[in-house]
Amino acid sequence: MNELDFSGKTVLVVGGSSGIGNGIAQSFRQRGAEVYVWGTRANAAAYADSPDSNLEGLHYAQVDVADAALIEAATIPFSRLDVLVQAQGTVLYDRQEFLTDGFKRVLDINLTSLMVCAQKFYPQLKEAQGSMITVSSAAAFHSTRGNPAYNASKTGAFGLTRTLAEAWARDGIRVNGIAPGLVETKLTRVTTSNPKRLEGALRGIPQGRLGTPQDMANVALFLASPLASYVLGQTLLVDGGMLLA
């Protein structure tokens with residue numbers, strides 16, 4: 001038996017159009033799952049210019065999770081859902097998160113939408129005895145001086161993950177999370193594209209390299225599989241040792 005074979009399973013990755021979410025989506029597809037992804041652009045072709053995106057073999061839909069009403073109104077094109085991965089996220093720079101509008105937008109996308117999506121797909125996850133995985137951040141475990149909204153939202157995701165895990169465990173739904181360290185995606189390009197910043201960041205990572213979407217996908221596969229059947233409410237820090245210091 002291959003516990004990492006997801007043939008016959010249905011997976012939805014919110015935020016699966018690029019970056020970490022896209023890596024997770026493709027990893028489930030490569031292991032036999034039927035994979036649906038939500039993103040913000042009009043259609044899959046609109047991601048042709050994005051180096052973080054590979055939508056081959058994935059079912060794409062445009063859903064702007066910044067608006068709870070759009071999540072609630074979104075059509076569900078599958079009758080069964082075995083795994084819900086919530087990888088949506090944004091960050092604002094230049095102190096925009098210190099302003100009310102910026103702070104609220106980041107919270108709406110990074111935290112409120114997690115709960116709205118969880119509520120929307122709860123019946124299907126319960127019926128399938130499925131798994132939900134949230135993607136928060138290592139920022140949930142330390143301060144991020146310039147990004148109060150990002151930090152608050154990712155810390156909130158950590159708390160929401162363990163709370164829903166306890167609330168839904170007896171319904172047969174396992175809820176866990178992943179807290180990525182520094183992964184090279186469009187959200188971290190402000191660091192990874194600046195040689196001086198990148199050098200400083202790598203000095204703080206014991207493994208001496210950035211994380212990859214595949215590193216995160218490997219953990220998502222584990223958490224969604226029978227190998228993790230007794231893992232509940234945990235957010236696994238996947239950061240190459242960055243927070244050990």
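General observations
- For LEU236, the residues whose amide H sits under 5 Å from its own are GLY177, ILE178, ALA179, ignoring neighbours fewer than 5 places away on the same chain, with H placed 1.01 Å from N.
- Between 0 and 90°, nearest 10: helix 213-224 axis offset from the chain longest Cα axis: 40
- Label zone at ALA68 (point 7 Å along Cα-to-Cβ), backbone N below 15 Å, the range 84-125: 104-121
- With all pairs of different C-alpha atoms in the average, the Kirkwood value for the hydrodynamic radius of the range 171-241 is 13.5 Å.
- Cα Rg over Rh - the range 88-193, Kirkwood: 1.02
- Spacing of the two label points (7 Å from each Cα toward its C-beta) at LEU202 and LEU232, in nm: 4.3
- A simple spin-label model places the labels of ARG209 and GLU56 2.2 nm from each other, with each point 7 Å out along Cα-to-Cβ.
- According to the Cα-based calculation, Rg over Rh for the range 6-72 is 0.97, with Rh computed by the Kirkwood formula.
- For the range 1-131, taking the reciprocal of the average inverse distance between every pair of different Cα atoms yields a Kirkwood hydrodynamic radius of 15.3 Å.
- Gain upon complete extension [LYS126, LYS186; 0.36 nm per residue less C-alpha separation]: 18.2 nm
- The spacing between the range 111-150 and the range 222-245, judged by their C-alpha centroids, is 15 Å.
- At R0 = 25 Å, FRET efficiency that the Cβ-Cβ distance of THR163 and SER143 yields, to 0.05: 0.65
- The angle between the Cα long axis of helix 19-30 and the longest principal axis of the Cα atoms of the chain comes to about 30 degrees, rounded to the nearest 10.
- Degrees between helix 148-168 axis and first principal axis of the chain (Cα, 0 to 90, nearest 10): 30
- For the chain: span of alpha carbons on each principal axis (Å, largest first): 48, 38, 37
- Gain on full extension, evaluated as 0.36 nm per residue between TYR93 and ARG170 minus their Cα-Cα distance, stands at 23.6 nm.
- Proximal lysine pairs, the chain, alpha carbons under 26 Å, eight or more residues apart or interchain: 9
Coordinate-derived values only; no laboratory data. Quick caveat, the model's predicted, so the values are computed rather than measured. Using ideal geometry, Cβ is built from the backbone for each residue, glycine included, and neighbour counts are taken over all protein chains shown.
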